[in-house]
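Laboratory data are not the source of any read-out in this text; all were calculated from the coordinates shown. Because the structure is a prediction, the values reported are computed rather than measured. Here the Cβ positions follow ideal geometry from the backbone for every residue, glycine too, while neighbour counts run over all protein chains shown.
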Amino acid sequence: MIENSHNPCFSLILATVNRIEPLKNFLDSLLSQKYKDFEVILIDQNPNDCLKYLIEEYSNKINIFYIKSLPGLSRARNLGLKQARGKFVGFPDDDCRYIEDVLTKVKHLFEYHNVDIVCGCYGEMLSENVFRMHPKYPKKKRNLSIVNFFKLVSSTALFIKRDVIESIREEGPFDEKMGAGAEVIVAEEIDLVGRLLIMGKKGLYTPFIRVEHKIFREKPRVGVEFGQSYLLAKLIRRSKNPLLFLRGVGRLIKALFGLVSPSDRKVALAKFRGFIAGWKAC
């Protein structure tokens with residue numbers, strides 16, 4: 001680890017398992033950042049010491065705080081947050097790459113906008129100057145609200161003020177029942193942002209914060225639908241927002257129609273089970 005007596009501007013909390021070359025690519029992208037005042041809190045969930053030589057290679061180039069952890073993405077991130085010293089915290093995936101101006105732009109947005117949360121978009125570089133954004137993202141910046149934030153937030157391009165996260169430390173920033181390796185396999189970062197918005201915190205989405213990440217990834221549909229219902233039910237019960245309530249009703253009505261089709265029945269049942277589990281979780 002590089003000796004660093006002052007608190008960095010950014011703490012980048014990165015949980016990793018079963019990836020070595022992608023992790024190396026991410027660390028290389030950090031070396032290319034125009035803004036250099038950051039630390040990496042690397043939470044290793046591998047059962048062996050397969051990252052030993054990689055850590056040795058980069059420890060003299062990047063300020064890395066290394067933690068060994070049991071499986072569970074949210075557990076790992078909560079462990080990382082206990083060590084974070086930065087004013088702003090990011091949550092990169094271990095298979096993404098930061099484009100060279102990401103940290104510069106994020107710092108600017110926090111300093112010149114009265115927001116607690118900044119989220120960008122992810123996509124693929126088709127050539128040196130051509131970025132293909134995931135189609136879910138709008139092309140104009142938007143203020144985050146409890147209604148619109150669902151499709152705007154992804155952990156790989158998410159940054160939050162650390163003192164804002166500290167305000168919910170007792171509750172646990174990340175719900176450890178959610179995220180890869182947990183009962184609910186998705187949406188742990190969306191849950192966190194949703195709870196912060198319900199508390200009155202302010203957030204901004206911008207397509208100009210761009211992170212390289214594979215657009216289409218294989219995830220079990222049943223698990224994803226269960227997780228989305230779980231999240232929606234939690235937020236409805238917490239916020240009592242009528243628009244979210246209507247969204248939940250619409251989701252359950254669609255699930256009812258899905259029960260009719262044998263090919264959709266498992267997904268429909270997952271939506272119902274997720275909603276019930278999320279409602280009970282509050």
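Loop only by DSSP, 16 or fewer other Cβ within 10 Å of the Cβ. Give me the trypsin sites (Lys or Arg not before Pro) in segment 16-56 that pass, ordered by residue number.
Values: sites: ARG19, LYS24, LYS34, LYS36, LYS52; in loops: ARG19, LYS34, LYS36.
The qualifying sites are ARG19, LYS34, LYS36.
Among the lysines, select those whose C-alpha is under 23 Å from the C-alpha of LYS240, and discard any that sit fewer than 8 residues away in the same chain.
Cross-link targets: LYS151, LYS177, LYS201, LYS202, LYS254, LYS271, LYS280.
Can you tell me the FRET efficiency between ASN7 and LYS254 if r is taken as the Cβ-Cβ distance and R0 is 41 Å, rounded to the nearest 0.05? Mind dumping the intermediate values first?
Numbers: r = 48 Å, r/R0 = 1.16.
It comes to 0.30.
Pull up the cross-link candidates among the lysines for LYS82, meaning alpha carbon to alpha carbon under 18 Å and not fewer than 8 places away within one chain.
Hits, sequence-local ones excluded: LYS68, LYS161.
If you take every DSSP beta bridge fully contained in the chain, what fraction is antiparallel? Give it as a percent rounded to 5.
The antiparallel fraction comes to roughly 40 percent.
Mind listing which trypsin sites (Lys or Arg not before Pro) in segment 155-197 are in a DSSP loop and have 14 or fewer other Cβ atoms within 10 Å?
When the trypsin sites (Lys or Arg not before Pro) of segment 155-197 are filtered for loop state and at most 14 Cβ neighbours within 10 Å, ARG169 remain.
Pairs of alpha-carbon atoms within less than 8 angstrom and 6+ residues apart define the contacts here; what relative contact order does segment 19-134 have, in percent?
Averaging sequence separation for qualifying contacts and normalising by length gives 33 percent for segment 19-134.
Hey, what number do you get for the chain at 222 nm if only DSSP H runs of n ≥ 4 count, each worth -39500 (n - 2.57), divided across all residues, to the nearest 500?
So the helix-based figure for the chain works out to -12000 deg cm²/dmol.
I'd like the orientation of helix 73-83 relative to the chain: the angle between its Cα long axis and the longest Cα principal axis, in ° from 0 to 90, rounded to 10.
For helix 73-83, the angle is close to 40 degrees.
Measure out, as a whole number of angstrom, how far apart the alpha-carbon centroids of segment 58-74 and segment 7-45 sit.
For segment 58-74 versus segment 7-45, the Cα centre distance is 8 Å.
List the GluC sites (Glu not before Pro) within segment 98-179 that DSSP assigns to loop and that have no more than 11 neighbouring Cβ atoms inside 10 Å.
Numbers: sites: GLU100, GLU111, GLU124, GLU128, GLU166, GLU170, GLU171, GLU176; in loops: GLU100, GLU128, GLU170, GLU171, GLU176.
Sites meeting the loop and neighbour criteria: GLU128, GLU170, GLU171.
Would you mind checking the tilt of helix 21-31 against the longest principal axis of the Cα atoms of the chain, expressed as 0 to 90 degrees and rounded to 10?
Taking Cα atoms only, the helix is inclined about 60 degrees.
Under 14 Å from the Cα of LYS105, which aspartates and glutamates turn up, not counting those fewer than eight places away in the same chain?
Leaving aside aspartates and glutamates fewer than 8 places away in the same chain, those within reach of LYS105 are ASP37.
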